[in-house]
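Trainee: Structure incoming, see below.
The values are calculated or read from the model by the stated rules, or taken from the named source; none is laboratory data. The structure displayed is predicted, hence computed values, not measured ones. Positions of Cβ are backbone-derived with ideal geometry, glycine not excepted, and every protein chain shown enters the neighbour counts. Please note that ligands, DNA and RNA were not included when accessible areas were found on the heavy atoms of the full protein model with its side chains. Shrake-Rupley method; radii C 1.70, N 1.55, O 1.52, S 1.80 Å.
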2 protein chains.
Amino acid sequence: MEDNKIQEVQIPMQVAPPSGGGGGIHVFAPATVANVVCGFDVLGFAVNEPGDEVIMRLTDKPGITISKITGDDGRLPLDPAKNTVSVSVQHYLESVGRTDVGLDIELHKKMPIGSGLGSSSASTVAGLFAIKTLLGDESDPINLLPFAMKGEEMACGQGHADNVAPALFGGFVLIRSYEPLDVVRLPHPKDLYCAIVFPDVDVPTREARQIIRKNIQMKDAVTQWGNIAGLVSGLFMQDIDLIGRSMKDVLVEPVRSMLIPDFYKMREIAMGMGAVSFGISGSGPSVFAFTKDEETATLITQKLQQHLTGLKIGSNTYVSTINDAGPKVIARF
Amino acid sequence: MEDNKIQEVQIPMQVAPPSGGGGGIHVFAPATVANVVCGFDVLGFAVNEPGDEVIMRLTDKPGITISKITGDDGRLPLDPAKNTVSVSVQHYLESVGRTDVGLDIELHKKMPIGSGLGSSSASTVAGLFAIKTLLGDESDPINLLPFAMKGEEMACGQGHADNVAPALFGGFVLIRSYEPLDVVRLPHPKDLYCAIVFPDVDVPTREARQIIRKNIQMKDAVTQWGNIAGLVSGLFMQDIDLIGRSMKDVLVEPVRSMLIPDFYKMREIAMGMGAVSFGISGSGPSVFAFTKDEETATLITQKLQQHLTGLKIGSNTYVSTINDAGPKVIARF
């Protein structure tokens, strides 16, 4: 999967010149939960909260500048050659033959970096959606996916799509195949709530990938693909109990959970409070639970936050339904 | 999966005494295609043709006899303690507390043994459906599954459900989990045709299992579960092209195909003639192709049979839609 030939994707040339010169846009893109317990590297979904925001302005001078980044504690580069947002936007501009465009970008991080919630994906997708909209490119948003994956490759070392695809399309997304890229949007029950807790500990994505076993037993793989088939069936059948029964992971969670404070205790708490399922979001350390109602989701986040406080670990919590919209324009100016 | 605790399944005691003493029944149960390329050990579907038939008569003397087996070239045991049909029926009778019942069984094999088409499953399911119907047991057919799996354990060395479950329910079936047993019935496009070719070579199920690798690479498993998730999505979405794209197997087919004469050449022929997908049925040597119409399915079976004849290998061919009914009563007397 490392060698995604994303440059081969054909982009229709439907890009109009900027209307009236100048102008800008303010875009939101959602956080995402990748893997979804039993769908390592192939499944993800978007949530309504948190998310990142990009403000993009057309300028007179060709090239991209980043004038401001907030909410990152100074961790992200202002150098446009090193920032995933500008790099992916630059790839897009080259692909549509618009390197004449001048852009200034403000990135407002509204969620923690290194949380396992697709932080870099949300920023990248917000940037790509901003430039697509600014340039009046009305082609299918799926055409942005290769550029977003290019950003992921820079941020995480691998061009995975299980965060960027749901950030871009909203909802549940299956990456059926990487070569060739084949993305399937999945339905989901309307009354599915997601409780997210981000324990403020450091789990870098690259390291979280490296601890995963390269060789596994066939019997565990069979268990895993029985479960992903069950989860996908449950999503189509709107069967929340089947979704819950299917969300088990015998391969990745046993390893990655070691990097998360009191993972199994948190699971016990959440499941005891009526969660449908509980697992790691992406590579962690964020954890998430599905619930059948908002109140249970809220109570679970409160209880888990309280538990982490007892361990002297700070946390952020979010309660959300599934985000079906993907990125959205907050304002044009 | 070897230790399926199938005896733990609770069977409701809704079994009435045989109505009027004596009496008999003639039942058909369908052949099945297990694995379905990317769903090793967890997916299967039933076809309309071929299938096996059981004629069962109530007798005055408690216990089971097998008076006749046809179509097996003398390969199956008449000893009721050694035949999968009688053994699974005996388990059922014990479970419902009806060991007082006397039965005579005729088994008419209408499909080749060792074909990879769920031959033993069809016989076992026909027998179980016959006794259930004879005794007026109106409980959910899913209650027969543990007994059918007991038969599979005897026939194949392992109590798998990917043939017996579709033979019992019809249609596409997912075995989401074996412990506890969790079976999901999947929809499918109505206009999906199945072309089956059984090359008359010997591939015993036990041996076909043993050559499968016990240890695999995570990256191959990820490819596989992306594909099974795609196949399940395609079934729900009635998207035959997605079904076709998803039916790839990087783990089992590369090994088992070695036991099948000219497997890759046959695939090339079938795909070249417009097949949606092509793969091994169960542990082989039967192969199957999905097509979008009956004519293409028929032409493919003819061409493949011709190819095998050129290799001096005899073959049986079948063209069928998906069987959604499962077992059926042909006659009562």
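Trainee: In this model, which of A:Lys190/A:Lys303; A:Lys132/A:Lys328; A:Lys68/A:Lys109; B:Lys214/B:Lys248 are farther than 21 Å apart at the alpha-carbon?
Mentor: Details: A:Lys190/A:Lys303 25 Å; A:Lys132/A:Lys328 12 Å; A:Lys68/A:Lys109 11 Å; B:Lys214/B:Lys248 19 Å.
Over 21 Å Cα-Cα: A:Lys190/A:Lys303.
Trainee: How many Å² of accessible surface get buried when B and A come together, counting both sides, probe radius 1.4 Å, rounded to the nearest 100?
Mentor: Its buried surface, counting both partners, is about 2900 Å².
Trainee: With a cut-off of 8 Å between alpha carbons and a minimum separation of six or more residues, what is the relative contact order of the range B:193-321 in percent?
Mentor: Details: 197 pairs, mean separation 52.6, N = 129.
Relative contact order comes out at 41 percent.
Trainee: Straight-line reach only, C-alpha to C-alpha below 18 angstrom: list the aspartates and glutamates that B:Lys61 could link to, leaving out same-chain residues fewer than 8 apart.
Mentor: Cα-Cα hits under 18 Å: B:Asp79, B:Glu94, B:Asp100, B:Asp104, B:Glu106.
Trainee: Could you pull the copy-to-copy label distances for A:Glu295, with points set 7 Å along Cα to Cβ, in nm to one decimal and sorted shortest first?
Mentor: In ascending order, 6.2 nm.
Trainee: Show me the three semi-axes of the equivalent ellipsoid for chain A, from the C-alpha gyration tensor (sqrt of 5 times each eigenvalue), largest first, rounded to whole Å. Numbers along the way, then the final one.
Mentor: On the way: eigenvalues 225, 89, 66 Å².
For chain A, the ellipsoid semi-axes come out as 34, 21, 18 Å.
Trainee: Any chance you could check the range A:154-200 for residues losing 20 Å² or more of accessible area when the partner protein chains are in, compared with the chain on its own (1.4 Å probe)?
Mentor: Buried by the other chains: A:Leu174, A:Arg176, A:Asp182, A:Val184.
Trainee: Then there's this: Using amide H atoms built 1.01 Å from N in the peptide plane, name the residues 5+ places from A:Gly102, or on other chains, whose amide H lies under 5 Å from its own.
Mentor: So A:Gly102 has HN proximity to A:Thr59, A:Gly63.
Trainee: While we're looking at this one, here's another question. Given H placed 1.01 Å from N in the peptide plane, which residues other than close sequence neighbours of B:Ile330 have an amide H under 5 Å from its amide H?
Mentor: Amide H neighbours of B:Ile330: B:His26, B:Val27, B:Phe28.
Trainee: Please work out whether the range B:193-321 counts as rounded, prolate or oblate from its C-alpha gyration tensor, where a ≥ b ≥ c are the square roots of the eigenvalues and a/c under 1.5 means rounded, while otherwise a/b larger than b/c means prolate and anything else oblate?
Mentor: Verdict is oblate for the range B:193-321.
Trainee: Sequence gap at least 6, Cα distance under 8 Å: using those rules, report the relative contact order of chain A to the nearest whole percent.
Mentor: Value for chain A: 25 percent.
Trainee: So the label point sits 7 Å from Cα along the Cα-to-Cβ vector; using that for B:Met258, what distances do you get to the other copies, in nanometres, sorted shortest first?
Mentor: Output for B:Met258: 3.4 nm, nearest copy listed first.
Trainee: A further question follows. Based on alpha-carbon centroids, what's the gap between the range B:161-218 and the range A:275-332 in Å, whole number please?
Mentor: Result: 38 Å between the Cα centres.
Trainee: What accessible area per residue, rounded to a whole number of Å², is obtained for chain B using a probe radius of 1.4 Å? Before the final figure, lay out the partial values.
Mentor: Working: 12560 Å² over 333 residues.
With all protein chains present, chain B gives 38 Å² per residue.
Trainee: Treating the angle as unsigned and between 0 and 90°, give the value, to the nearest 10°, between the Cα long axis of helix A:145-156 and the longest Cα principal axis of chain A.
Mentor: Approximately 70 degrees, to the nearest 10.
Trainee: Between copies, how far does the label point of B:Lys312 sit from its twins, in nm, shortest first, when each point is 7 Å from Cα along Cα→Cβ?
Mentor: Spelled out, the distances from B:Lys312's label point are 8.2 nm.
Trainee: Also, I was wondering about something else. For n ≥ 4 DSSP H runs only, could you compute -39500 (n - 2.57) per run for the protein assembly as shown, divide by its residues and tell me the 222 nm figure to the nearest 500? Write out the running numbers ahead of the final one.
Mentor: Numbers: 20 runs with 220 residues, N = 666.
When only DSSP H runs of four or more count, the value is -10000 deg cm²/dmol.
Trainee: In whole Å and largest first, what semi-axes does the C-alpha gyration tensor of the protein assembly as shown yield when each eigenvalue is scaled by 5 and square-rooted?
Mentor: Ellipsoid semi-axes (Å, largest first): 53, 29, 19.
Trainee: Relative to the longest principal axis of chain B, what angle (0 to 90°, nearest 10) does the C-alpha long axis of helix B:84-95 take?
Mentor: Roughly 50 degrees, rounded to the nearest 10.
Trainee: Applying the Karplus parametrisation 6.51 cos²θ - 1.76 cosθ + 1.60 with θ = phi - 60° to the phi angles of the range A:251-262, what ³J(HN,Hα) value in whole Hz is obtained for each residue in order, glycine and proline being reported as x?
Mentor: 10, 9, 4, x, 8, 5, 4, 5, 8, 10, x, 6
Trainee: Relative to the longest principal Cα axis of chain A, at what angle does helix A:263-272 sit, 0 to 90 degrees, rounded to 10?
Mentor: The angle comes out near 70 degrees.
Trainee: While we're looking at this one, here's another question. Find how many whole Å separate the alpha carbon centroid of the range B:36-53 from the alpha carbon centroid of the range B:81-110.
Mentor: Computed from Cα coordinates, the inter-centre distance equals 23 Å.
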